[in-house]
Amino acid sequence: MRVWMLELRLLLRARPTVVAVLLLTLLSAAAVTGGMAEVSHQRAAIARIASAQAEDVGAIAKWVNEKKDPGSAAYYTFHATWDAPSPLAFAALGMRDVAPFIQRVRALGLEAQIYDGDNFNPELALPGRFDWSFVLVFLMPLFVIVLFHDLSSGEREAGRARTLAAVPGGIAPVLRRRTALRLGAILLAAVLPFAVGAALSGAQPLPVSAAIGLAAAYALFWVGAAALVSRLRWSSTANAATLAAAWLVLVLVLVLVVPTFANVAIARAVPVAQGAEIALAQREQVNRAWDIPREETMRRFYAGHPRLADSAPLPTGFHYKWYFAFHQVGDEGVAGRVAAYRAGLERRGAAADALGLVLPSVGVQAALTRLARTDLEAQLAFQDRVRAYHRRLRDFYYGYLFYDRPFGTADFARAPRFGGIADD
Amino acid sequence: MSATRLIARDELRLMARNRVAVVAVLLILVLTLVAVLTAWSHQRDLAELRQRQQAAATAAFEAQPDRHPHRVVHYGQFLFRPLGALAAFDPGVDAFTGSSMFAEGHRQNTANFGDVRQGSLLTRFGQLTPAFVLQSVAPLLLIFLGFGAVVRETERGTLRSLLVGGAARGEVVRGKALALGLVAALVGLPAMAGLALIAGQAGVQALPVAAIALGYALYLALWVALVVLVSVLARRSRDALLVLLLAWAVTVVLVPRAAPEMAGRAIPLANRLETDVGVARDLRRVGDSHNPADPTFAAFKARTLARYGVARVEDLPVNYKGLLAVEGERITSRLFDRYAAAGFAAQERQNAAVAAAGLLSPAVAIRQLSMAAAGTNFAGHRRFLDQAEAYRFALVQKLNRLEADAVSYADDTAEDPGADRRKRVDAHHWTEMPRFAFAGPDGAELARGAVPGLSLLAGWLAAAVAALWFATRRLGVR
């Protein structure tokens with residue numbers, strides 16, 4: 001124990017080390033604070049939905065109530081959906097800044113709505129978020145350099161290596177103790193603010209400990225890399241400086257260059273041009289309905305929705321049930337493309353995850369965004385929930401539309417609400 | 001041969017003997033080459049894809065059968081943002097903004113299908129482009145090769161012998177700077193060659209290309225000056241390296257991320273739901289088209305009847321429903337514009353706040369400059385949004401006018417079995433509608449966008465050179 005205390009005192013006396021550890025703590029705390037501010041901003045935006053929606057829907061209800069036309073209600077009423085941040089979202093904001101977490105949908109064709117984005121400033125999103133995962137993945141390795149680059153070479157240069165090697169047990173235990181202490185200091189600096197943030201956010205212990213375990217494993221990886229590089233002893237001219245410089249290239253290559261390169265490779269290997277094509281094809285399907293016999297549309301619609309087939313035949317004039325039917329048929333007409341697009345996106349995500357297995361920086365980022373539910377998978381899961389909710393919306397309005405039931409103010413309140421198990 | 005050149009030659013010879021240095025230089029050259037090629041082919045693929053999709057969308061629009069003009073208002077038109085050639089050098093926000101927009105009546109849609117939502121998490125690590133290599137990687141190489149340039153001599157005492165040998169301090173420092181500057185030029189060369197190739201394509205103007213080249217020359221020169229400055233000031237090689245690494249981490253990695261974070265927090269942006277609800281609220285206030293007794297539309301009706309000197313809308317020589325559509329679109333579009341302008345203003349304030357961080361980090365300055373000159377910054381995207389909205393409005397109003405002129409009011413309001421046929425207008429009208437043609441910015445406009453960044457970088461360089469000059473005078477005096 002006394003040797004440990006001695007080493008600790010030595011560590012605390014090395015000013016650059018203390019400064020580095022303090023700086024890392026500060027950066028980690030700033031990232032956690034920023035992430036939590038962003039998450040609370042998002043929560044506040046979600047909390048404001050109810051009043052905004054009440055105002056908007058209330059105004060529609062007021063004029064719809066006069067004629068009680070369910071078609072107008074279904075056509076004009078937007079319904080809100082949202083993707084509340086998980087308790088760990090503050091640590092890795094992932095795609096939450098570029099993908100919408102609030103989306104309004106109508107009972108009309110969903111494929112023309114579901115890809116809509118929210119307002120965001122692309123120039124702010126471009127450099128990436130300053131969140132805890134960034135501090136961990138990008139900055140922590142640099143601090144490992146600062147603390148580990150001269151672990152053994154420093155002793156060599158100071159001329160103490162021989163003396164240390166001569167003491168019983170040799171230099172190895174000394175270096176092991178120092179490695180452990182410095183690793184502990186770095187980890188503590190990086191993880192402590194995160195742990196505090198997680199506790200304040202009410203995160204579950206399991207994902208929190210998983211994130212901490214990831215951080216430890218990632219730090220160990222870099223310490224291991226440092227140990228490997230110092231093993232090389234890099235000929236006699238090598239000193240701490242070239243050593244550090246040389247393996248800085250390693251950090252850079254692993255953290256900056258390979259992921260960017262892989263991004264290009266994945267984008268090429270898995271092309272997804274279908275996004276805009278879905279929108280175009282869906283529009284063709286929907287608008288074609290005006291140029292073909294209306295009964296044809298209804299036949300196709302009823303084939304997919306036999307429960308509604310006992311609805312009265314269409315009148316000569318316009319009827320909203322036909323309008324909503326062709327929107328639905330339009331969606332169904334592009335289902336194949338939608339599935340292919342979705343599969344492409346999932347393949348891209350899988351390719352990135354596979355890269356994460358060999359590239360620690362990517363792996364940690366992927367795992368953190370997964371734990372925080374802010375990754376592509378979470379975005380797609382939100383879309384699934386919106387789809388499920390949209391189905392409920394359609395069913396709700398169809399019940400009025402196809403049986404010409406009047407739609408009054410009270411019925412607006414009966415519309416299905418987003419959230420709950422039904423949409424999962 | 002002057003002492004400066006001798007010293008520079010010696011320094012270069014030393015670097016050439018350092019295997020790690022040579023490998024690093026070769027690596028970055030290869031990396032730049034790969035970046036140029038991939039970014040260029042990516043840009044061309046995207047540009048072609050969007051061109052093809054735009055052509056397909058236009059063809060589909062013009063191939064519509066006889067339709068009621070209002071159907072066509074809802075059929076709408078897909079607009080694709082063309083990608084300029086310089087996006088191959090610096091794609092900027094292209095991946096973060098949607099590349100296609102649906103223009104239809106009564107609604108202002110978002111630009112959708114941006115790569116960032118269609119890509120893996122890797123998009124957020126950055127994109128491998130020539131701009132990225134020069135902004136982030138090249139400074140590191142210069143640090144790596146140059147941190148010891150002067151401090152090495154100080155540490156080993158060889159500086160003294162150099163000075164005793166008759167070299168002036170200034171000559172030593174200039175020699176070292178010259179050597180490192182040559183390395184910087186070598187490292188920048190492939191990217192600049194790539195830029196020249198990209199610039200050789202049709203439609204690329206010289207002025208923004210020159211601004212980009214000048215910007216990166218200033219940026220790399222600044223790093224050369226900074227590296228030599230730290231090397232002059234430091235007592236030990238290790239300190240020089242650590243200080244420079246810290247400077248790199250702060251200016252290239254940290255500030256570019258932290259500044260937008262703070263700007264976003266300080267200047268809020270209304271989300272889409274709030275905007276849409278706000279538009280709807282204002283719309284009810286201005287005039288509620290669902291309310292037959294609404295004063296705005298009642299006044300419009302009275303005005304229209306008076307203008308034509310008739311008592312009933314049925315007696316108008318034009319279709320009142322078309323006129324009403326024109327008026328309604330005018331009112332909603334004015335509101336859209338107001339909300340959009342507020343959103344743009346907030347985003348521009350955010351971007352200005354980030355640009356101010358260029359005072360703290362030259363990397364922020366070069367990023368802004370590079371994107372601005374390449375036309376791939378927010379302003380470039382806004383140019384598309386503005387033109388798309390102008391096009392949307394013009395198209396919708398043209399169709400509404402068509403409804404007013406080519407469809408009779410009696411037909412338009414009829415509901416008998418044959419009414420649908422009578423409401424339709426001939427398909428040839430669709431080919432007469434305007435086509436969306438994005439008017440790219442002219443070179444002077446793009447280059448103007450680069451001026452703030454250029455001045456910031458020039459200021460940085462001047463300060464670094466001045467500091468170097470002062471530091472040099474005290475070199476070896478300890």
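The values are calculated or read from the model by the stated rules, or taken from the named source; none is laboratory data. For clarity, every value in this text was computed on a predicted model and none was experimentally measured. When we count neighbours, we look across all protein chains shown, and the Cβ atoms used for this are built from the backbone with ideal geometry, even at glycine. Heavy atoms of the whole protein, side chains included, go into the accessibility calculation; ligands, DNA and RNA do not. Shrake-Rupley method; radii C 1.70, N 1.55, O 1.52, S 1.80 Å.
Percentage of Cα-Cα pair distances in the range B:34-151 greater than 16 Å, rounded to whole percent?
It works out to 70 percent of all Cα pairs.
For chain B, find the longest principal axis of its Cα atoms and tell me its angle to the long axis of helix B:443-473, 0 to 90°, nearest 10.
In chain B, helix B:443-473 runs at an angle near 20 degrees to the longest axis.
Which whole number gives the average, over all residues in A:24-31, of C-beta atoms from other chains lying within 10 Å of the residue C-beta?
Going residue by residue through A:24-31 and averaging, the value is 1.
Restricting attention to the alpha-carbon atoms of chain B, what are Rg (one decimal) and Dmax (integer), both in Å?
30.4, 107
Given bins 5 angstrom wide, list per bin the percent of all Cα-Cα distances in the range B:70-208, short to long.
Taking all Cα pairs of the range B:70-208, the binned fractions are 2, 8, 11, 12, 11, 11, 9, 8, 7, 6, 5, 3, 2, 2, 1, 1, 1, 0 percent.
P(r) tail for the range B:374-478, what percent of Cα pairs lie past 23 Å?
62
Where does the charge balance sit around A:Thr297 when Lys and Arg score +1, Asp and Glu -1, over other residues with C-beta under 12 Å from its C-beta?
Local charge sum for A:Thr297: +1.
Can you work out the Karplus-derived ³J(HN,Hα) for every residue in the range B:141-150? Use 6.51 cos²θ - 1.76 cosθ + 1.60 with θ = phi - 60°, whole Hz, and x for glycine or proline.
4, 5, 4, 4, 7, x, 4, x, 3, 9
Could you state the number of Å between the C-alpha centres of the range B:207-264 and the range B:96-110?
With the range B:96-110 and the range B:207-264 each reduced to a Cα centre, they are spaced 39 Å.
Is there a simple number for the mean count of other chain Cβ atoms within 10 Å of the Cβ of residues in A:281-291, and what is it?
What the average comes to for A:281-291 is 4.
Can you list residues whose amide H is under 5 Å from A:Arg104's amide H, if they're 5+ apart or on another chain and H is modeled 1.01 Å from N?
A:Thr81
Using θ = phi - 60° and the Karplus relation 6.51 cos²θ - 1.76 cosθ + 1.60, list the HN-Hα couplings for the range B:331-346 in order, rounded to whole Hz, with x at every Gly or Pro.
My calculation for the range B:331-346 gives 5, 5, 5, 4, 5, 3, 4, 5, 5, 5, 4, 5, x, 4, 4, 4 Hz in order.
For the range B:175-231, taking Cα atoms only, what is the radius of gyration to one decimal and the Dmax to the nearest whole Å?
When restricted to the Cα atoms of the range B:175-231, Rg and Dmax are 13.5, 45 Å.
Taking the alpha-carbon set of the range A:1-115, what are its Rg and Dmax in Å?
Both quantities, over Cα of the range A:1-115: 25.6, 86 Å.
Which percent of Cα-Cα pairs in chain A sits in each 10 Å bin, short to long?
Taking every Cα pair in chain A, the percentages come to 4, 17, 22, 19, 14, 10, 7, 5, 2, 0, 0.
Taking each residue of B:12-22 in turn, how many C-beta atoms of other protein chains fall within 10 Å of its C-beta, and what is the average?
Mean partner shielding for this stretch: 1.
Roll a 1.4 Å probe over the protein heavy atoms and report the accessible area of A:Thr163 in Å², nearest 10.
Accessible surface of A:Thr163 is approximately 90 Å².
Which links in A:Lys68/B:Lys398; A:Lys68/B:Lys423; A:Lys67/A:Lys321; A:Lys67/B:Lys321; B:Lys301/B:Lys423; A:Lys321/B:Lys301 stretch past 25 Å when you go from one Cα to the other?
Result: A:Lys68/B:Lys398; A:Lys68/B:Lys423; A:Lys321/B:Lys301 exceed 25 Å.
Taking DSSP loops as anything outside H, G, I, E and B, show the longest stretch in chain B free of GluC sites (Glu not before Pro) there with at most 13 other beta carbons within 10 Å.
Excluding the exposed sites themselves, the longest stretch runs over B:1-414.
B:Arg5: net charge of surrounding residues, Cβ under 14 Å, Lys/Arg +1, Asp/Glu -1, itself excluded?
Computed value for this residue: +1.
For the range B:187-312, what is the largest minus smallest coordinate of the Cα atoms on each principal axis, given in angstrom and ordered from greatest to least?
Each principal axis gives a Cα extent; for the range B:187-312 these are 92, 41, 18 Å.
B:Phe438 to B:Leu207: FRET efficiency via 1/(1 + (r/R0)^6), r the Cβ-Cβ distance, R0 25 Å, to the nearest 0.05?
0.80
What fraction, in whole percent, of alpha-carbon pairs in the range A:59-116 exceed 18 Å separation?
52
What is the distance in Å between the Cα centres of the range A:376-402 and the range A:294-365?
11
With each pseudo-label sitting 7 Å past Cα toward Cβ, what's the A:Lys62-B:Leu189 distance in nm, one decimal?
7.3
If you add up the charges near B:Val133, with Lys and Arg at +1 and Asp and Glu at -1, over every other residue whose beta carbon is less than 15 angstrom from its beta carbon, what do you get?
Summing Lys/Arg as +1 and Asp/Glu as -1 gives 0.
Skipping prolines and chain starts, which residues have an amide H placed within reach, meaning under 5 Å, of the one on A:Phe407, given they are 5 or more residues away or on another chain?
A:Asp69
If you count, for each residue, the other Cβ atoms within 10 Å and average over each peptide, how do B:235-246, A:295-306 line up from highest to lowest?
Averaged packing, sorted descending, gives the order B:235-246, A:295-306.
Assuming R0 = 35 Å, can you tell me the calculated FRET efficiency for the pair A:Met1 and B:Asp239, based on Cβ-Cβ distance, to the nearest 0.05?
0.55
Would you please give the residues with an amide H less than 5 Å from that of B:Thr110, counting only those at least 5 places away or on a separate chain, with H modeled from the backbone geometry?
Under 5 Å from the amide H of B:Thr110: A:Gly117.
Rounded to two decimals, what ratio of Rg to Rh does the range B:321-398 give with C-alpha atoms and a Kirkwood Rh?
Answer for the range B:321-398: 1.19.
What number does the protein assembly as shown give for Rg over Rh if you use C-alpha atoms and the Kirkwood radius?
1.05
Given a 1.4 Å probe and heavy atoms of the protein chains only, how would you sort A:Trp63, B:Trp223, largest accessible area at the top?
Highest to lowest solvent-accessible surface, that is A:Trp63, B:Trp223.
Would you calculate the convex hull of the Cα atoms in the range B:264-395 and tell me its volume per residue in Å³?
Cα convex hull per residue, to the nearest whole number: 129 Å³.
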